[in-house]
1. In a Debye calculation with equal point scatterers on the alpha-carbon sites of the chain and no solvent, what is log10 I(q)/I(0) at q = 0.10 Å⁻¹?
2. Against the longest principal axis of the chain, how steep is helix 66-82, in degrees 0 to 90 to the nearest 10, with axes from Cα atoms?
3. Taking Cα centroids, how far is the stretch 12-36 from the stretch 57-124 in Å?
4. Once the mean 1/r over all distinct Cα pairs of the stretch 20-81 is inverted, what Kirkwood radius in angstroms do you read off?
5. For the stretch 19-170, what is the relative contact order in percent, using Cα pairs closer than 8 Å and at least 6 residues apart in sequence?
6. Quick one: what does P(r) look like for the stretch 3-55 with 5 Å bins over all Cα pairs, in whole %?
Ligand SMILES: [Zn+2]
């Protein structure tokens with residue numbers, strides 16, 4: 001994880017820590033930064049990206065609030081959907097791009113800040129089962145991959161009034 005991003009996540013309380021004992025009885029501290037789920041499987045989780053690494057034109061990370069970063073991740077998720085890389089965390093079906101999706105395909109981007117900190121995409125119809133799914137997710141059981149890079153240099157710098165915790169589609 002990028003050092004500046006890690007420092008920012010620590011400031012925002014988004015890092016999670018756990019201690020385990022190794023074979024010699026020494027304590028090892030495990031650290032997990034925020035994750036993004038691109039699907040329902042344990043292998044579908046990737047590390048959250050540094051905005052500058054994908055050319056995001058918004059304000060610099062150091063001056064971002066959590067709301068600003070949420071806007072960035074929403075743009076990132078839109079790019080993942082456009083690339084055909086995003087599946088519903090609940091049912092695993094491909095998330096479709098577009099502004100006029102039929103009801104069964106409409107989806108939300110969701111930010112979770114519990115034991116697991118991260119962002120995910122879920123169909124409206126799949127939301128009622130999401131609480132159970134989240135209960136079974138533990139950040140230290142997951143081995144997130146490096147995030148795919150989507151070029152976000154062309155996105156409009158998001159307006160402050162954009163909804164921050166969920167982007168609605170359809
Ligand atoms: Zn679904």
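1. Here the Debye-derived log intensity ratios amount to -0.38.
2. 60
3. 26
4. 14.0
5. That works out to 33 percent.
6. Per 5 Å bin, starting at 0, the Cα pair percentages come out as 4, 16, 19, 19, 19, 14, 6, 2, 1.
Taken together, the values in this text are just the output of simple stated rules run on the coordinates, not laboratory data. This structure is a prediction, so every number in the text was calculated from the model and none was measured.
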